[in-house]
1. Multiply the residue gap between Ala213 and Ser146 by 0.36 nm, knock off their C-alpha separation, and tell me the result in nm, one decimal place.
2. Among 200-209, 95-104, how do they line up from the highest to the lowest mean number of other beta-carbon atoms within 10 Å?
3. Distance cut-off 20 Å, Cα to Cα: go down the list Lys81/Lys203; Lys106/Lys173; Lys106/Lys190; Lys106/Lys203; Lys162/Lys203 and report the pairs above it.
4. Quick one: length gained pulling Ala153 to His115 fully straight, 0.36 nm per residue minus the C-alpha distance?
5. Quick one: angle between helix 36-51 and the longest Cα principal axis of the chain, in degrees between 0 and 90, rounded to 10, please.
6. I'd like the Karplus ³J(HN,Hα) series for the range 180-194: coefficients 6.51, -1.76, 1.60, θ = phi - 60°, whole numbers in Hz, and an x wherever there's a Gly or Pro.
7. Could you derive backbone 3J(HN,Hα) for the range 157-165 from the dihedral phi with the Karplus parameters 6.51, -1.76 and 1.60 (θ = phi - 60°), listing whole Hz in sequence and x where the residue is Gly or Pro?
8. What's the center-to-center distance, using Cα atoms, between the range 1-20 and the range 159-183 in Å?
Amino acid sequence: MSRILLLDTATDICTVSLFEGDKCIAMHESGEDRSHAVQLAVYVEEVLKESGFRVSDLNAIAVSKGPGSYTGLRIGVSTAKGLCYAANVPLISVSTLQAMCSGVNKEYLTANNLHDFYFCPMLDARRMEVYTAFYRSDYTKHRDISAEIIDDASFVDLLNEKPVVFFGNGAEKTKAHIKHKNAFYFDAYKHSSTYMLTQATRKLEEKIFEDVAYFEPFYLKDFVATIPRKNILGR
């Protein structure tokens with residue numbers, strides 16, 4: 001039975017889980033803003049301790065590859081690569097947006113009579129911009145990942161085709177613009193590394209691994225440094 005450690009630091013949620021087969025053995029997560037650099041190593045240690053496994057006992061380590069927070073992704077990928085290198089364990093990368101689709105509650109879909117629809121996970125970028133993609137109801141990709149500035153005309157072509165379920169930390173700010181009758185919002189979404197399991201298990205079975213030395217996160221956009229407000233004001 002496969003043992004996979006899952007790490008996700010793509011958002012404000014720092015989340016770590018360990019699965020044996022389809023059973024979650026241990027999980028730790030925190031929503032404290034920008035705590036990843038402090039929390040991730042601690043959570044990995046705690047999850048391993050609770051499970052009774054060492055890193056060398058794992059069949060793979062999977063990391064959320066992005067898009068998402070530049071700093072968060074860098075921390076997660078660096079940690080995963082370090083663990084894999086030290087214990088000679090395979091590294092697996094998982095699409096952040098595709099994994100998010102597994103977090104949409106089946107009961108929500110049933111209650112809204114949603115059978116043939118699109119998933120639209122959204123990660124907050126800045127202002128009215130989101131990182132997003134579209135996936136079919138069978139979780140296969142329909143439209144590639146992109147950075148989109150939301151306005152009243154956003155995704156009208158897809159909304160005219162079939163219902164779209166919007167969710168993620170970027171979805172809330174789109175409600176004022178996307179009011180189509182086929183727009184559904186899953187407000188109960190909570191980010192978690194556990195949603196990575198399906199992709200990670202498939203890649204382990206198919207032996208689709210990353211090169212530990214050269215793998216980099218999928219940032220989508222280049223990092224843009226900003227000047228702290230107190231420096232702008234000269235204080």
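FYI, it's all coordinate maths here, none of it is from the lab. Please read these numbers as outputs of a predicted model, since none were measured by experiment. Here Cβ is always computed from backbone atoms with ideal geometry, including for glycine, and neighbour counts include all displayed protein chains.
1. Taking 0.36 nm per residue and subtracting the Cα distance, the gain is 21.4 nm.
2. 95-104, 200-209
3. The pairs that break the limit, which is 20 Å between Cα atoms, are Lys106/Lys173; Lys106/Lys203; Lys162/Lys203.
4. Full extension of this stretch gives 11.2 nm more.
5. 60
6. 4, 4, 8, 8, 10, 10, 8, 6, 7, 4, 10, 5, 7, 5, 4
7. Going residue by residue, I get 4, 6, 5, 6, 7, 6, x, 10, 9 Hz, with x marking Gly and Pro.
8. Taking the Cα centre of each part, the range 1-20 and the range 159-183 sit 28 Å apart.
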